[in-house]
1. If you check every pair at least six apart or on different chains, which have Cβ atoms under 8 Å apart with a residue in the range A:139-168 that is within 12 Å of chain B (Cβ to nearest Cβ) first and a residue that is of a type in the set (Lys, Arg) and not in a loop (DSSP other than H, G, I, E, B) second?
2. With the structure loaded, tell me whether B:Ile63 is under 24 Å from B:Asn134 (Cα atoms), within 14 Å of chain A (Cβ to nearest Cβ) and crowded, with 20+ Cβ neighbours inside 10 Å or whether it fails that test.
3. Every residue in the range A:154-195 that is farther than 30 Å from A:His142 by Cα and among the hydroxyl-bearing types (Ser, Thr, Tyr), please.
4. When the residues of the range B:130-146 are filtered to those that are touching a residue at least 60 places away in the same chain (Cβ under 8 Å) and closer than 14 Å to B:Gly36 by Cα, which remaining residue is nearest to the other protein chains (Cβ to nearest Cβ)?
5. Out of curiosity, is B:Val168 within 13 Å of chain A (Cβ to nearest Cβ) and among the aliphatic types (A, V, I, L, M)?
6. Looking for something more than 13 Å from chain A (Cβ to nearest Cβ), among the charged types (D, E, K, R) and part of a loop (DSSP other than H, G, I, E, B) - is there at least one such residue anywhere in the range B:31-46?
7. Would you say A:Gly208 is at pLDDT 90 or above, on the phi > 0 side of the Ramachandran plot and crowded, with 16+ Cβ neighbours inside 10 Å?
8. Hey, can you tell me all the residues within the range A:153-189 that are of a type in the set (A, V, I, L, M), closer than 22 Å to A:Glu44 by Cα and either touching a Pro at 6+ places or on another chain (Cβ under 8 Å) or surrounded by fewer than 21 Cβ atoms within 10 Å (Cβ to Cβ) (or both)?
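The values are calculated or read from the model by the stated rules, or taken from the named source; none is laboratory data. Being a predicted model, the structure only gives us computed values, none of them experimental. Every residue, glycine among them, receives a Cβ derived from its backbone with ideal geometry; neighbour counts consider all protein chains shown.
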Amino acid sequence: MKRPSLTDLQVSVGRGRVSGKCLLAVCAWSLALLMIVPARGEEEFLDPQEAFRFSALLTGAELEVRYRIADGYYMYRDRYRFTVQLQTGEHQIGELQSGEFQTEGSGVAESAGIETETFDAQSVERLSIELGPPMFPAGEWHEDEFFGRSEIYRHEVTIRIPLVITGDMPGAFRLLAVSQGCADGGICYLPLTQSRDFRLLGRLGLPGRRP
Amino acid sequence: MRRSARILLFSVVVVLATVAGFQLSGPDRKGQVDAGVLLAATLPDLSGVHQSLGQWTGKVVVINFWATWCPPCLEEIPHLVRMQSRFGTQGLQFVGIAIDEMEKVKRFVEEKGINYPIVVGQLDAIELSKAAGNERGGLPYTLVLDRSGRVVSQHYGGLTEDNLLPIVQKLL
């Protein structure tokens, strides 16, 4: 005996009767509706700090800025902007972002403990830091109907920025990095500003002198 | 067999209704969007005259945060323009909030013939967008407000007529 399939069924709904085909049609229509009316939520997309993970390192007279870019996300090469701000006041090294900071010795060490050093307005006046033109690696080309071909980065990009330092050290500065990226899923993030604090001690061939 | 089919039908309906409810009631579910902040905000239009976003209360208002540097935003704008033409007389009102430079927005609006009000801002518009639930700062970001000024839908990413129509039609 043939076993009835769902499409053969007659289902009672209230006082009426609904055929299996009708039931399937309702289900299919409902599923289709859900697919074409996606109320897309914020949770579908990463927080930009997670999508574009920023780190920066001072190596010799160069800043090395790295973005680790989440899968499905990309950053525009022509939208990076880098600036430095000299820091004044009490500077707690332990409050620097995790990672590395330049030490007096070999250049890079893990942040540990809280040390405090004060850089007053006078010491800032003695120091000048300028950024040279950033050096970008080749990216990949992204095409869209509005802007044509744009160079973008996926997965990871390291940008090297020469530092031109004149005057006396020690000193402290903050690197401000503005970037802009999008998700393949169809959103673009507002320009993102990330920062990293550095303390200059005056070695590694940098101009300036130890007091 | 009839009983099991009824149970199946009931289960399917419950599952679909639950999923649909979660999909379509995002903002209310999370309670993130404070319409009061939006409706109290004022931003300059393309002539520099400050416009209150509350002035359109009474209509079904679609507030669209966008920028000229955002390709998904530019992609959806023709859909919004067509819907404004089609349903404007029934009380549908689009309002664009451009997070951008005034001159760039003016040029774009002129070129594309945008037929609904555009206001422009930078940090203030970014803050407004965040206060309106866009904590991650993604664009485009769109909110649908019913005639009483209540936010009934929020949407990240580009919209088309097909996916916006079912949301606004029931409010008109």
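1. What qualifies is A:His142/A:Arg149; A:Glu143/A:Arg149; A:Ser150/A:Arg77; A:Ile152/A:Arg77.
2. On the way: under 24 Å from B:Asn134 (Cα atoms): yes; within 14 Å of chain A (Cβ to nearest Cβ): no; crowded, with 20+ Cβ neighbours inside 10 Å: yes.
So B:Ile63 fails the test.
3. Start the filter on the range A:154-195 by keeping residues that are farther than 30 Å from A:His142 by Cα, which leaves A:163-174.
Of everything in the range A:154-195, just one residue is farther than 30 Å from A:His142 by Cα and among the hydroxyl-bearing types (Ser, Thr, Tyr), namely A:Thr166.
4. Checking each candidate, the answer is B:Gly133.
5. Details: within 13 Å of chain A (Cβ to nearest Cβ): yes; among the aliphatic types (A, V, I, L, M): yes.
Yes: the conditions hold for B:Val168.
6. For the range B:31-46, residues more than 13 Å from chain A (Cβ to nearest Cβ), among the charged types (D, E, K, R) and part of a loop (DSSP other than H, G, I, E, B): present.
7. On the way: at pLDDT 90 or above: no; on the phi > 0 side of the Ramachandran plot: yes; crowded, with 16+ Cβ neighbours inside 10 Å: yes.
So A:Gly208 fails the test.
8. Taking the range A:153-189 and keeping what is of a type in the set (A, V, I, L, M), we get A:157, A:159, A:161, A:163-165, A:169, A:172, A:175-178, A:183, A:187.
Narrowing further to those that are closer than 22 Å to A:Glu44 by Cα: A:183, A:187.
Correct list: A:Ile187 only.
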